[in-house]
Structures are given as C-alpha cells and as structure tokens.
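Structure first, then comments.
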Amino acid sequence: MPASVALPPPTLISGFDPRFFRPCTFPLLRELGYGTRVTVNNGVAPESPFATPMTVSMTAFDNAGGRIGSTPEIATLAPGELVKLDIDAELAAVPGAPADGPLLIMLHVVPTKWVGESSVDIPAAEMMAHVRASDDFIEYHQRPTGVVTGVAYQTGPLNDARLSSTRTTVCQAPKVIVTEPVDTLFSLMNLSTRADYAETVRMDFWILGRDGERFVRSAVEVPPFSCRLVSATEVLEQAGMLERYRAAGGVGMFLGLSKNGTLVPISLTRNRASGAIACDHTLPPVFYLSTWGGDARLRANERLEQEFFADLPAPAGAPTRVHA
Amino acid sequence: MAYTHYFIESEGLHSRIHLQNFYSTFWPQVREASVAHLLVHDRAGRAQGSATREIPPFGSLFLEISELLAEIGSSAAEGTVAIDLEPPAGVRAQFHELPSAEEAEIKTPFWMAYYDDTENYMYVHSIDTLAGEVFGASRLLRWSMTRSVAQGDRWHSWRLLDAELLSDLQVICINHSPEPRSTVVGVYSADTSRTLYERPVSLGPRALERVRVPPEELGSWSTRYPEIRHVRIGLEPLLTGNGKPYVIMRYADGPPSLHHG
C-alpha cells in the first residue's frame with residue numbers, strides 16, 4: 001500500500017498570498033555567461049469570465065533560497081496582453097541584488113483587484129484558468145556571440161499542501177548528451193505557492209545508457225526557493241565513468257525520483273565552446289498516460305524506488321555542480 | 001497515439017530522435033522490450049516508409065534521421081516522423097492499474113534534437129499527434145477517434161522576438177491531419193494591431209512548408225515601424241488542435257535557434 005493517499009484538490013483556497021496566484025519562476029544563468037529576457041503574459045482572453053487586468057512585480061532569491069528583495073510594479077497587462085522584460089535590467093530595482101552569481105527569480109502576475117492584499121480567498125478554477133493560459137518564454141542570450149535560446153513553461157501550484165496532498169517528482173529525460181564540447185545540465189527548481197514553504201527537496205537520480213545500463217547514481221538537495229544545476233559531465237567524471245559514457249555514444253537518460261517534493265526540471269544541453277545551449281522542459285507522466293495519477297502514481301514511484309534506489313546507500317557528498 | 005516531429009537534413013542542420021522506453025518508468029518490474037513503430041513523410045506529405053526499433057527496459061532510442069532515411073530509401077531533406085511505442089505483453093497486463101482505464105489514452109511524446117556540424121544543439125518536445133491515426137485500438141474505437149480531426153483556433157505565439165536583431169526567421173507550418181488544409185502564416189506586432197508579414201499556405205495531407213520571411217522584409221521593419229520593438233508569429237488558424245509551428249531564427253550573426261512557436 002502507498003505511504004499516503006492522493007486526495008482531490010479543493011475548490012476554494014482560503015488565506016492565499018496573491019503574489020503566488022500566477023507566478024513565473026526561472027533561474028538566471030549568469031555564472032554560465034547568459035543574460036535573461038522573459039516574455040510574460042496575461043493569457044486569459046478578454047471574453048473569459050476570469051479575465052482581469054494583472055500587474056507584474058519581481059522577487060529575487062539567493063542561492064540558499066533567501067529572499068533578497070522585490071521590485072515595485074514593473075508592468076501592467078490587460079487581458080490577452082504580453083510583455084517582454086529584460087530581467088538583468090529589472091534587477092537594478094531589487095535592493096541588495098548582487099551583480100553576478102546565481103539567482104532565482106519569481107515574477108508575480110497578480111490581478112489588480114488583489115494588489116496590496118496579503119491574504120485572499122481564491123477559487124481554484126480561477127487560478128487554474130490563469131495558470132493554464134500561461135506559457136511564459138524564458139529566453140537566455142549570450143553576447144557577443146548572438147546565441148539566443150529559451151524554453152516556454154508554466155510554474156503553477158507546486159509544493160503546497162492546500163492544493164495537493166502528495167508531492168513527488170519522477171523525471172525521465174533522454175537528453176543527457178555528453179561529448180567533448182557538450183555538457184548537459186539539469187536545472188532543478190524547488191518552488192512553492194506559499195511564502196512559508198521550507199522543505200529542502202532531495203532528488204536521487206541515475207544516468208542510464210541507451211540500453212538501460214546504469215552508469216552513475218547521484219543525488220542533489222535543493223533548498224526551498226532555489227535552483228541547483230547538475231552537470232552530467234561532472235557527475236560522470238567524478239564517478240570515473242566519463243570516458244566510458246562517451247565511448248558508448250555519449251547519449252543517455254536522466255532518471256530522477258524525489259519523494260518529498262516537486263522539483264521543476266529543465267535540461268540545458270550546452271556547447272561549451274560556442275555557448276549555444278538547448279533548453280527544454282521534461283514531460284510529466286500524463287503526457288504518456290493520460291489518466292495517470294493518484295494512488296497508481298504512488299505505487300509506481302514505490303516500484304521505481306525499489307528498483308533503483310532502495311538497495312544502495314545514498315551517496316555522500318553528491319557530486320553535482322551546485323551554485324557556490 | 002503517435003506524436004509527430006519535424007525533421008530537417010539541410011540548411012546545415014541534422015535531426016536525431018530521442019525516445020525513452022517510458023513504460024519502464026511506470027512498470028519497472030516488466031523486463032520486456034517495447035517496440036517503436038516509426039512512420040516517415042516527406043515535406044509534400046508523401047509516405048516514405050516505416051521502420052521499427054526495439055527499446056530495452058529503461059533504454060532509449062537515439063536514432064539519426066539520416067540513418068532512418070537511408071534504411072527506408074528516402075532522400076527527403078525535410079519531413080515528419082511519427083512514432084508509436086507499442087507496449088510489450090507484460091506491460092499490457094498491467095493496464096488494469098490505469099486510473100479510469102476506459103478513458104485512458106497512451107501517447108508517445110518524444111524529443112527531436114537538431115544540431116549542426118559543430119554540435120550546437122536545439123531541442124523541441126512533441127507538439128502534436130499524427131492526427132487521424134490511432135494504434136492498438138478496436139476498429140470501432142479507432143473510427144470514433146479519427147473520423148473528425150479538429151482544426152485549431154487563431155493563434156499567436158506567446159514569445160516576443162526582438163525585431164531589430166532578427167537576421168533570419170523561418171516558420172515551419174505542418175499539416176498533421178490526413179486532409180488538405182489552409183492557413184495564413186504571419187508576423188505581427190506584439191499587440192497584433194499591425195501586420196508585418198503574411199503569407200497564405202495550402203498544404204496537402206501530412207505536408208509541411210517552411211516559410212522564410214524575406215531578409216529584406218526583416219531589415220525594413222525597424223525603419224518602417226520604429227515603434228515596434230517586438231514581434232510575434234501567428235497562424236490563422238492552427239491546422240490541427242495544437243499544431244503550432246516550428247521556428248528557425250537567428251539574431252545577428254549568431255547560431256540558428258530552432259524551437260516550437
């Protein structure tokens with residue numbers, strides 16, 4: 001039997017901080033030499049009953065998940081409107097934000113009716129309408145080479161017991177390309193829709209070869225409101241498996257399991273010579289099996305844990321690239 | 001249901017399929033390989049052939065499109081490939097565990113990696129399915145699910161592109177449906193109040209067209225419309241429900257970027 005039972009989400013969330021109503025969250029990759037621009041939208045169409053003008057403000061978190069500060073309103077969006085923000089420029093308005101190094105950024109897209117409120121009652125359907133309509137484009141660019149890349153994704157309700165009774169992550173990403181000039185990094189964000197969230201989430205993972213062979217196991221811990229980058233090259237190198245992995249074709253799959261929270265995984269396949277970088281999100285299980293979830297998901301996670309993570313001691317000092 | 005991806009073996013770009021045996025993640029106790037069925041069409045929508053590959057438990061298929069085309073005897077430089085991952089018997093025996101099993105759909109999303117000769121990579125995850133086809137279903141269910149392929153709505157990308165930096169912009173419009181369809185490919189101001197470029201496109205079943213916005217057009221926007229800093233791509237309408245285009249673009253003299261719209 002699963003350790004916990006999945007319950008349906010509520011229809012009304014009381015005492016909700018509206019800054020988390022429709023967040024857009026992403027890491028800066030300044031330590032890799034990229035600037036960040038984001039296209040953020042108020043995607044609910046004017047004819048929808050949930051259409052409302054929204055404001056945008058921004059909070060920066062340091063690498064330990066500590067809140068550095070927030071901007072005042074930096075944009076307003078009518079229903080259906082969108083805006084492209086130069087995040088590096090907007091950071092100037094965050095008191096105490098460092099000029100370099102890793103940061104996690106959260107854009108708060110908030111209905112104007114709730115601006116200034118710290119606690120409101122939110123119909124779940126209204127929140128989900130806005131989350132589903134969001135598909136913010138996070139664009140990374142590098143000068144002077146002209147490299148530009150990015151990924152669109154949603155960061156809806158996560159790691160919030162009011163919205164989901166179970167929180168786990170299975171990450172399956174057949175995108176671990178490791179060759180001489182190329183590394184693949186996995187960006188793992190630990191986010192929540194409540195300000196007092198304080199759970200550090202651990203992800204255990206394997207890098208598997210094309211035939212399913214097990215190359216290396218490792219783990220990473222991600223503090224709340226922070227991001228960690230896991231370099232596949234470094235994980236393989238520290239396990240003494242780099243040359244073998246490359247000799248086998250340099251391609252494989254990242255298979256990760258978190259039992260105590262949801263992490264948002266983004267893969268970054270980067271040519272270290274040119275700076276070109278491929279960003280993409282992974283796909284949740286419902287993209288494969290449309291009705292997947294609930295207790296079936298919990299049982300599957302237990303089987304996965306038994307197969308890959310139960311009979312081995314957790315590695316000490318996870319060999320991952322972690323923002324210093 | 002099979003997802004479909006665009007492939008290109010021209011313009012200095014190559015394509016490679018990335019697909020894991022995802023059944024293993026749900027039922028790791030099953031030690032049987034799954035079989036990937038691949039179906040290739042060229043840019044005109046002509047069927048080029050099919051192939052199969054076994055994927056071991058927890059294994060992944062990394063298949064160069066050039067290898068696939070050679071195997072089926074195709075010289076297509078562009079087209080689409082659809083994949084349906086057939087579950088082994090041991091997995092099918094577990095389907096009783098699927099929540100609302102009678103409503104469940106099994107799909108095969110995968111990634112296409114695009115790269116150039118110096119290993120600059122781009123990725124696109126699956127966008128839309130091979131409309132009008134369902135594998136592994138009864139005849140009646142298949143008829144029910146494929147008799148009508150819905151057209152999408154008017155669509156504008158949620159990504160804004162920097163108008164003055166654009167040096168190349170190509171929109172790959174794909175008709176995933178089994179019948180001819182038409183749309184208009186366009187580039188618009190951020191608020192869509194101004195049309196910068198439009199071109200009607202008519203496509204046969206399974207066909208695609210890569211619409212390259214003339215470079216002289218790109219170069220003229222910042223002088224003709226200096227107030228427009230950002231532009232967005234649009235299709236009116238999407239040819240299938242989620243049939244967003246692929247986009248190849250370049251800022252200044254940087255490397256190309258290939259992404260979904």
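Annotations
- Cβ-defined net charge surrounding B:Ala252, 14 Å radius [Lys, Arg +1; Asp, Glu -1]: -2
- Charge tally for B:Tyr123 (other residues, Cβ to Cβ under 11 Å; Lys, Arg +1; Asp, Glu -1): +1.
- Cross-link reach list, aspartates and glutamates versus B:Lys107, counting only Cα pairs under 14 Å and skipping chain neighbours closer than eight places: B:Asp84, B:Glu86, B:Asp128, B:Glu133
- Tilt relative to chain A, helix A:294-308 - C-alpha long axis, 0 to 90 degrees, to 10: 30 degrees
- Between amide H atoms placed 1.01 Å from N, distances below 5 Å from A:Ser226 occur with A:Asn190, all of them 5 or more places distant or on a separate chain.
- 3J(HN,Hα) from dihedral phi, the stretch A:50-56, Karplus parametrisation 6.51/-1.76/1.60, rounded to Hz, x for glycine, proline: 9, 5, 7, x, 10, 10, 10
- Point-to-point label distance, A:Thr145-A:Glu117, nm (Cα→Cβ direction, 7 Å offset): 4.7 nm
- Modelled this way, with points 7 Å down the Cα-to-C-beta line, the labels at A:Glu243 and B:Trp143 are 6.3 nm from one another.
- Axis of helix A:124-133 versus longest Cα principal axis of chain A: the two differ by about 60°, to the nearest ten degrees.
- Annotation: amide H-H contacts under 5 Å for B:Val30 (H modelled 1.01 Å from N, sequence separation of 5 or more, or interchain): none.
- Charge-dipole axis of the protein assembly as shown as Lys and Arg at +1 and Asp and Glu at -1 on Cβ define it, positive-most pick from B:His125, A:Leu283, B:Gly90: B:Gly90
- If only the Cβ of Lys and Arg carry +1 and only the Cβ of Asp and Glu carry -1, the dipole of the stretch B:162-250 around its Cα centre is close to 220 debye.
- Residue-averaged beta-carbon neighbours from other chains (10 angstrom radius) around B:8-21: 2
- Each of B:Met1, A:Met253 has some number of other Cβ atoms within 10 Å of its Cβ, and from fewest to most they run B:Met1, A:Met253.
- Farthest positive-ward along the stretch A:159-269 dipole, Cα basis, beta-carbon charges - from A:Gly261, A:Pro223, A:Leu208: A:Gly261
- Residue pairs, from the table A:Lys113/B:Lys244; A:Lys113/A:Lys259; A:Lys175/B:Lys244, whose Cα atoms sit over 28 Å apart: A:Lys113/B:Lys244; A:Lys113/A:Lys259
- Basic side chains Lys and Arg get +1 at the Cβ, acidic Asp and Glu get -1 at the Cβ, and with that the dipole of chain B about its Cα centre reaches some 620 debye.
- Taking Lys and Arg as +1 and Asp and Glu as -1, the other residues whose beta-carbon sits under 9 Å from that of B:Ile172 total -1.
- GluC sites (Glu not before Pro) lying in DSSP loop within the stretch B:176-232, provided at most 14 other Cβ fall within 10 Å: B:Glu227
- A simple charge model with +1 on the Cβ of Lys and Arg, -1 on the Cβ of Asp and Glu and nothing else charged puts the dipole of the stretch B:146-211 at about 340 debye relative to its Cα centre.
- Our coupling estimate for the stretch B:193-207, obtained by passing each phi through the Karplus curve with A = 6.51, B = -1.76, C = 1.60 and θ = phi - 60°, is 6, 10, 8, 8, 7, 8, 8, x, 9, 10, 10, x, x, 6, 8 Hz, Gly and Pro reported as x.
Bear in mind these aren't lab numbers, they're just calculated from the coordinates by the rules spelled out. Predicted, not measured: the structure shown is a model, and the values here were computed from it. Note: ideal-geometry Cβ built from the backbone for every residue, glycine included; neighbour counts use all protein chains shown.
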